[in-house]
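One structure is given here, and the rest of the page talks about it.
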Amino acid sequence: MNAHEDGISLWRRVADGIRSAIAEGAITDRLPPETELAVEFGVNRHTVRRAISVLSADGLLRAERGRGTFVNAVQTRIVYPIGARARFSENIARQSLEPSGRLIHAEIVAADTSQAKLLSCATGSPLHRLEHLAVADGVPVSRSVSLFSATRFPGIITAYADTGSITRALQREGLEDYRRKETRLTAERVSSRDTELLNCAPDSIVLVSKAIDTDVELNPIQSIVTRFLADRMELVFSNTP
């Protein structure tokens, strides 16, 4: 491991430690002095300052001149149920928030072997690839990449751009209902693309959902990878049909 990589791991470790202390209630108001934090984490003050700077940019901390660094009120995460019917607009509206969607990029791609298997189509089949942003009350909470058959849903790009909703876009394409077949969940650090589009700190965590949706006859209609910002969303898996 080179010095640069080690430096990154150190400030991230300090930032994660401060974040955990706040979440557990060990730090509730004013942050301990930088010298104390440096001793606690076994690093220099420069590393502590960098960790505090990142947490401040993320909105968790605020500096008050002459007084020190304080903890901001922790924003309540949006509860997002994941079950047989995963509908962003419905889930967000139930919490008295205003849902919306933004089309970031769209293109037609040829299905590779993996994509063809997911969507039960031939390798090389044309697919619509949509990169889109999910927004709640004006705040971006996740970004997704969806794949649809360009043959079955020829107007899906225009329909989504017009409606800002995958569900309504599919309805305009003649599909009234669909179901979630499976969801696979992992977690990782944000990418530079996440930081740009989700307006988050470079050390944030995203929950990565890889899912397949089907029509009522169980034919795959969408492959979707969604990156939920972990400090804004709480995913709840339900066994209720």
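The values are calculated or read from the model by the stated rules, or taken from the named source; none is laboratory data. Not measured: the values here are computed from a predicted model. As a convention, Cβ positions derive from the backbone with ideal geometry for all residues, glycine included, and neighbour counts pool all protein chains shown. Surface areas here come from the heavy atoms of the whole protein model, side chains and all, with no ligands, DNA or RNA. Shrake-Rupley method; radii C 1.70, N 1.55, O 1.52, S 1.80 Å.
At a glance:
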{"read-out": "Contact order relative to length of segment 121-241, as percent, for alpha carbon pairs under 8 angstrom and 6 or more apart", "value": "24"}
{"read-out": "Helical contribution to [θ] at 222 nm, DSSP H n ≥ 4, -39,500 (n - 2.57), averaged over the chain, rounded to 500", "value": "-9500 deg cm²/dmol"}
{"read-out": "Counted charge near Lys210, where neighbours are those whose Cβ lies closer than 9 Å (Asp, Glu -1; Lys, Arg +1)", "value": "0"}
{"read-out": "Charged-residue dipole, Cβ positions (Lys, Arg, Asp, Glu), the chain about Cα centre, Debye nearest 20", "value": "80"}
{"read-out": "Electrostatic dipole magnitude of segment 102-241 [Cβ: Lys, Arg +1; Asp, Glu -1; Cα centre; debye, to 20]", "value": "180"}
{"read-out": "Euclidean distance between Cα centres, segment 60-101 to segment 148-178, Å", "value": "28"}
{"read-out": "Options [x] 24, 21, 19; [y] 40, 19, 15; [z] 27, 25, 16 - which one matches semi-axes √(5λ) of the Cα gyration tensor in Å as calculated here", "value": "[y]"}
{"read-out": "Thr76 paired with Thr151, simple spin-label distance in nm, labels 7 Å along Cα-to-beta-carbon", "value": "4.8"}
{"read-out": "Solvent-free Debye scattering, log10 I(q)/I(0), computed from the Cα coordinates of segment 46-92 at q = 0.15, 0.16, 0.21 Å⁻¹", "value": "-0.58, -0.60, -0.74"}
{"read-out": "Potential lengthening between Asp112 and Val225 on full extension [0.36 nm per residue; Cα-Cα distance subtracted]", "value": "39.1 nm"}
{"read-out": "Per residue convex hull volume, Cα atoms of segment 91-212, in Å³", "value": "124"}
{"read-out": "Contact order relative to length of the chain, as percent, for alpha carbon pairs under 8 angstrom and 6 or more apart", "value": "18"}
{"read-out": "Cβ crowding within 10 Å averaged over residues, with 151-163, 172-184, 132-144 ranked highest first", "value": "132-144, 151-163, 172-184"}
{"read-out": "For segment 170-239, size of Cβ-based charge dipole, Lys and Arg +1, Asp and Glu -1, in debye", "value": "180"}
{"read-out": "Accessible carbon and sulfur surface of segment 125-241 relative to its total accessible area, %, 1.4 Å", "value": "49"}
